[in-house]
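I have placed the structure first, in the form of structure tokens, so that the comments after it can refer back to it.
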Amino acid sequence: MIIVTGALGQLGGDVCRILKEKKIPHKGIDKNDVDITSEKEVISFFEKIDFDVLIHCAAYTAVDKAEEEKELCYAINAKGTENLARVCKEKNSAVIYISTDYVFSGEGEMPFEADDEKSPLSVYGKSKYEGEKAVMSLCEKYFIVRTSWVFGEQDRNFIATMLRLSETREEINVVCDQVGSPTYSSDLADLITQMAQTEKYGIYHGTNEGFCSWYELAKKVFEYKNIPMKVNPVTSEEYITPAKRPKNSRMSKSSLLKAGFSLLPHWEDAVERYLDKK
Ligand SMILES: NC(=O)c1ccc[n+]([C@@H]2O[C@H](COP(=O)([O-])OP(=O)(O)OC[C@H]3O[C@@H](n4cnc5c(N)ncnc54)[C@H](OP(=O)(O)O)[C@@H]3O)[C@@H](O)[C@H]2O)c1
């Protein structure tokens, strides 16, 4: 049996859908079932449930707001993850913890390897790294899967925002000096459900293939949808946000390949499949 946290979220929703399609026994849970920040709630919820793998997709994901809501962000991403990791340890179950490119500093231009130094720039990135450390210190059977720039059917993502803005605007400024990999939630969910059926524990990077800037992603969206929009490239210094974001979010897939998992499709292919549904 597989437990999926954050089942009403973007990624957790897709993981549950794919498990259902594959007829793999699972139970999706969200905040209304158990608040993961409460150790007491977590312990009593899992008392009567046995499971083999916990896919932990629940998180505090409001990157900019986290700079103000530091305590809540840590309560969910660090303490919440620790509470779940303890349950997994006690039940000798495996955990798949979804993490982020934001654990890295973003320096240089080379893709980060799974075990490269972590140096998060934001509260969100730091809290997710604390979650990684809790999983690594408490559990023996763990996967850490770092992803980036996720978009999915729930339309709470950069691409959906671009499409929404195109209804009222003819010109837009988009950051051109942050480079990473857009990732289709459904492609990532497929990889995660494959992992859940193996014992190939380890630290992986799970993103669609290839790299681009937010500016290039925006251009791709408007070109593919034939939307006339003037996209102006701007630098991170010109487009200030509360949370500092890494300029280099490239992540290497060498551990994925070494373990024999297939790489996800190229990001452009993923964006086209997503846009075809719009
Ligand atoms: N989105 C991205 O671009 C991105 C990039 C890199 C990594 N990630 C990671 O990928 C994973 C999935 O992200 P996502 O985009 O699917 O996030 P999401 O759509 O924001 O979903 C997160 C889910 O967690 C739930 N949750 C929040 N606080 C909780 C609590 N205290 N107890 C139980 N559940 C709680 C949320 O419920 P409510 O909505 O009710 O709060 C929501 O359903 C996360 O670990 C995230 O850090 C995401």
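The values are calculated or read from the model by the stated rules, or taken from the named source; none is laboratory data. Computed from a predicted structure; not experimentally measured. Reconstructed Cβ throughout: ideal geometry from the backbone, glycine too, with neighbour counts over all protein chains shown. With ligands, DNA and RNA removed, areas are computed over all heavy atoms of the protein, side chains included. Shrake-Rupley method; radii C 1.70, N 1.55, O 1.52, S 1.80 Å.
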Q: Averaging sequence separations of C-alpha pairs under 8 Å and six or more residues apart, then dividing by the length of the chain, give the relative contact order as a whole percent.
A: 21 percent
Q. With Cβ to Cβ distances under 14 Å as the rule, what net charge do the other residues near Asp155 carry (K, R +1; D, E -1)?
A. +1
Q | Sparse-neighbourhood loop sites, GluC sites (Glu not before Pro) in the range 1-67 - DSSP loop, at most 13 other Cβ within 10 angstrom | A | Glu47
**Q.** For the range 217-278, radius of gyration divided by Kirkwood radius, i.e. Rg to Rh on alpha-carbons
**A.** 1.07
**Q.** Long-range Cα-Cα pairs in the chain (distance over 36 Å), rounded percent
**A.** 13 percent
**Q.** Per-selection metrics, the range 44-134 (Cα): Rg and Dmax in Å
**A.** 14.4, 48
Q: Based on alpha-carbon positions alone, could you give the equivalent ellipsoid semi-axes of the range 1-55 from the gyration tensor, as √(5λ), descending, whole Å?
A: 20, 14, 7
Q: Could you work out the Kirkwood radius for the range 1-105, taking every pair of different alpha carbons, averaging 1/r and inverting it, reported in Å?
A: 14.2 Å
**Q.** Cα-based radius of gyration of the range 172-266 once divided by 2.2 N^0.38 Å, which approximates compact folds
**A.** 1.30
(Q) Is there a quick way to get the dipole size of the range 1-95? I mean about its Cα centre, with the Cβ of Lys and Arg at +1 and of Asp and Glu at -1; what is the value in debye to the nearest 20? (A) 460 debye
Q) Give me the Kirkwood hydrodynamic radius of the range 111-243 in Å, from all C-alpha pairs, to one decimal place? A) 17.0 Å
Q: Whole number in Å², please: accessible area per residue of the chain, 1.4 Å probe, ligands, DNA and RNA not counted.
A: 47 Å²
Q.
I'd like the trypsin sites (Lys or Arg not before Pro) in the range 84-118 restricted to DSSP loop residues with at most 15 other Cβ atoms within 10 Å, sorted by number.
A. none
Q | Most mobile listed residue (Leu163, Leu188, Leu54) in the chain, GNM with C-alpha springs under 10 Å | A | Leu163
Q | Carbon + sulfur, % of accessible area of the range 222-278 - ligands and nucleic acids excluded, 1.4 Å | A | 53 percent
